[in-house]
Amino acid sequence: MHMDPRLNGYLTRALTHELAAVQQYLMQARLTGLWGLSAQSTQFRRDVNEELVHAERLMERMLVLGIPCNATQLPPIRPGRTLAEMLEIDRKLEIEAVRLYEEAMLYCARRQDEETQALMRALMEDELGHLKELDQQLSELQGE
Ligand SMILES: [Fe+2]
Ligand SMILES: [Fe+2]
(Lines give C-alpha, C1' and ligand atoms only; values in the text may rest on other atoms or scores of the structure.)
(Ligands and ions follow the chains in the order given, each with its own letter.)
Protein backbone atom coordinates (compact mmCIF):
# COMPACT_ATOMS: atom_id res chain seq x y z
CA MET A 1 0.00 0.00 0.00
CA HIS A 2 1.24 3.49 -0.85
CA MET A 3 1.92 6.02 1.86
CA ASP A 4 -1.19 8.00 2.59
CA PRO A 5 -0.58 11.01 4.83
CA ARG A 6 -4.28 11.43 5.54
CA LEU A 7 -4.65 7.84 6.71
CA ASN A 8 -1.50 8.25 8.82
CA GLY A 9 -3.12 11.34 10.31
CA TYR A 10 -6.29 9.48 11.29
CA LEU A 11 -4.37 6.63 12.87
CA THR A 12 -2.05 8.99 14.75
CA ARG A 13 -5.00 11.04 16.00
CA ALA A 14 -6.80 7.86 17.03
CA LEU A 15 -3.79 6.53 18.95
CA THR A 16 -3.38 9.90 20.64
CA HIS A 17 -7.05 9.87 21.61
CA GLU A 18 -6.81 6.37 23.12
CA LEU A 19 -3.70 7.15 25.15
CA ALA A 20 -5.29 10.39 26.36
CA ALA A 21 -8.37 8.39 27.39
CA VAL A 22 -6.16 5.89 29.26
CA GLN A 23 -4.51 8.77 31.12
CA GLN A 24 -7.85 10.41 31.88
CA TYR A 25 -9.65 7.27 33.10
CA LEU A 26 -6.67 6.05 35.11
CA MET A 27 -6.48 9.34 36.98
CA GLN A 28 -10.26 9.31 37.54
CA ALA A 29 -10.06 5.73 38.85
CA ARG A 30 -7.50 6.81 41.43
CA LEU A 31 -9.32 10.05 42.31
CA THR A 32 -12.70 8.36 42.84
CA GLY A 33 -10.80 5.69 44.84
CA LEU A 34 -9.50 8.45 47.12
CA TRP A 35 -13.06 9.77 47.44
CA GLY A 36 -14.18 6.32 48.61
CA LEU A 37 -16.36 5.71 45.52
CA SER A 38 -15.11 2.17 44.97
CA ALA A 39 -17.74 1.02 42.45
CA GLN A 40 -17.10 4.08 40.29
CA SER A 41 -13.34 3.60 40.65
CA THR A 42 -13.67 0.00 39.43
CA GLN A 43 -15.73 1.19 36.46
CA PHE A 44 -13.09 3.75 35.45
CA ARG A 45 -10.41 1.09 35.83
CA ARG A 46 -12.35 -1.17 33.45
CA ASP A 47 -12.53 1.71 30.96
CA VAL A 48 -8.74 2.07 31.17
CA ASN A 49 -8.38 -1.54 30.01
CA GLU A 50 -10.78 -1.08 27.14
CA GLU A 51 -9.07 2.07 25.89
CA LEU A 52 -5.70 0.34 26.22
CA VAL A 53 -6.93 -2.52 24.03
CA HIS A 54 -8.05 0.11 21.49
CA ALA A 55 -4.55 1.61 21.52
CA GLU A 56 -3.06 -1.85 20.96
CA ARG A 57 -5.36 -2.59 18.03
CA LEU A 58 -4.44 0.73 16.41
CA MET A 59 -0.72 0.11 16.97
CA GLU A 60 -0.96 -3.30 15.37
CA ARG A 61 -2.66 -1.78 12.33
CA MET A 62 -0.02 0.97 12.14
CA LEU A 63 2.75 -1.65 12.28
CA VAL A 64 1.12 -3.58 9.43
CA LEU A 65 0.82 -0.38 7.38
CA GLY A 66 4.37 0.72 8.22
CA ILE A 67 3.24 3.83 10.08
CA PRO A 68 5.22 4.89 13.18
CA CYS A 69 3.27 4.17 16.38
CA ASN A 70 3.79 7.64 17.82
CA ALA A 71 1.03 9.52 19.53
CA THR A 72 1.29 13.30 19.39
CA GLN A 73 1.33 15.38 22.56
CA LEU A 74 -1.48 14.30 24.88
CA PRO A 75 -4.08 16.93 25.81
CA PRO A 76 -4.02 18.08 29.43
CA ILE A 77 -5.82 15.90 31.93
CA ARG A 78 -9.15 17.21 33.27
CA PRO A 79 -10.03 15.75 36.66
CA GLY A 80 -13.46 17.26 37.40
CA ARG A 81 -14.44 18.47 40.88
CA THR A 82 -17.43 16.18 41.29
CA LEU A 83 -18.40 12.80 39.86
CA ALA A 84 -21.06 14.43 37.66
CA GLU A 85 -18.48 16.87 36.29
CA MET A 86 -16.12 13.96 35.57
CA LEU A 87 -18.75 12.08 33.64
CA GLU A 88 -19.61 15.20 31.61
CA ILE A 89 -15.96 15.70 30.70
CA ASP A 90 -15.71 12.05 29.67
CA ARG A 91 -18.85 12.34 27.60
CA LYS A 92 -17.21 15.06 25.51
CA LEU A 93 -14.11 12.90 25.12
CA GLU A 94 -16.18 9.96 23.87
CA ILE A 95 -18.20 12.15 21.48
CA GLU A 96 -14.94 13.41 19.95
CA ALA A 97 -13.82 9.79 19.55
CA VAL A 98 -17.05 8.77 17.83
CA ARG A 99 -16.69 11.71 15.40
CA LEU A 100 -13.07 10.86 14.67
CA TYR A 101 -13.79 7.18 14.02
CA GLU A 102 -16.82 7.96 11.89
CA GLU A 103 -14.80 10.32 9.69
CA ALA A 104 -11.88 7.88 9.48
CA MET A 105 -14.23 5.03 8.64
CA LEU A 106 -15.79 6.96 5.74
CA TYR A 107 -12.37 7.91 4.45
CA CYS A 108 -11.20 4.26 4.55
CA ALA A 109 -14.37 3.24 2.72
CA ARG A 110 -13.58 5.75 -0.06
CA ARG A 111 -10.05 4.38 -0.32
CA GLN A 112 -11.37 0.82 -0.26
CA ASP A 113 -9.14 -0.04 2.67
CA GLU A 114 -11.52 -2.58 4.13
CA GLU A 115 -9.40 -3.78 7.02
CA THR A 116 -8.73 -0.34 8.44
CA GLN A 117 -12.37 0.55 7.83
CA ALA A 118 -13.47 -2.49 9.86
CA LEU A 119 -11.15 -1.49 12.70
CA MET A 120 -12.45 2.09 12.71
CA ARG A 121 -16.02 0.82 12.73
CA ALA A 122 -15.35 -1.55 15.64
CA LEU A 123 -13.71 1.21 17.66
CA MET A 124 -16.54 3.61 16.87
CA GLU A 125 -19.08 1.08 18.11
CA ASP A 126 -17.13 0.57 21.35
CA GLU A 127 -16.99 4.35 21.91
CA LEU A 128 -20.74 4.57 21.29
CA GLY A 129 -21.08 1.92 24.00
CA HIS A 130 -18.94 4.02 26.36
CA LEU A 131 -21.11 7.04 25.60
CA LYS A 132 -24.24 5.05 26.44
CA GLU A 133 -22.73 3.88 29.74
CA LEU A 134 -21.81 7.45 30.66
CA ASP A 135 -25.34 8.64 29.89
CA GLN A 136 -26.70 5.87 32.09
CA GLN A 137 -24.36 6.74 34.97
CA LEU A 138 -25.28 10.42 34.63
CA SER A 139 -29.01 9.74 34.71
CA GLU A 140 -28.56 7.45 37.76
CA LEU A 141 -26.64 10.24 39.50
CA GLN A 142 -29.38 12.77 38.75
CA GLY A 143 -31.99 10.34 40.06
CA GLU A 144 -30.25 10.09 43.45
FE1 LIG B 1 -11.26 3.99 22.84
FE1 LIG C 1 -14.01 5.25 24.98
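The values are calculated or read from the model by the stated rules, or taken from the named source; none is laboratory data. Predicted, not measured: the structure shown is a model, and the values here were computed from it. All Cβ positions, glycine included, derive from the backbone under ideal geometry; neighbour counts span all protein chains shown.
Kindly provide the set of residues from region 49-71 that are away from ligand 2 (no atom under 16 Å from the Cβ) and among the basic types (K, R), ordered by number.
Once the filter is applied, which keeps residues that are away from ligand 2 (no atom under 16 Å from the Cβ) and among the basic types (K, R), region 49-71 yields only R61.
If we scan region 53-62, do we find a residue that is modelled with pLDDT of 95 or more, within 18 Å of L26 (Cβ to Cβ) and of a type in the set (D, E)?
There is at least one residue in region 53-62 that is modelled with pLDDT of 95 or more, within 18 Å of L26 (Cβ to Cβ) and of a type in the set (D, E).
Quick check on region 131-144. Is at least one of its residues within 15 Å of ligand 2 (Cβ to nearest atom), under 17 Å from L7 (Cα atoms) and either out of contact with any Phe, Trp or Tyr (no Cβ under 9 Å at 6 or more places or on another chain) or in contact (Cβ under 8 Å) with a residue 24 or more places away in the chain (or both)?
no
Test of understanding: among R110, R99, which residue is closer than 17 Å to Y10 by Cα, modelled with pLDDT of 95 or more, within 18 Å of the chain's Cα centre (by Cα) and not aliphatic (A, V, I, L, M)?
R99
Only residues that are under 18 Å from R81 (Cα atoms), surrounded by 17 or more Cβ atoms within 10 Å (Cβ to Cβ) and away from ligand 1 (no atom under 13 Å from the Cβ): list them for region 6-36, please.
Within region 6-36, L26, M27, Q28, A29, L31, T32 qualify.
At pLDDT below 95, more than 19 Å from G9 (Cα to Cα) and of a type in the set (D, E): which single residue out of E50, E88, E140, E127 fits that description?
Selected residue: E140, the only one of E50, E88, E140, E127 that is at pLDDT below 95, more than 19 Å from G9 (Cα to Cα) and of a type in the set (D, E).
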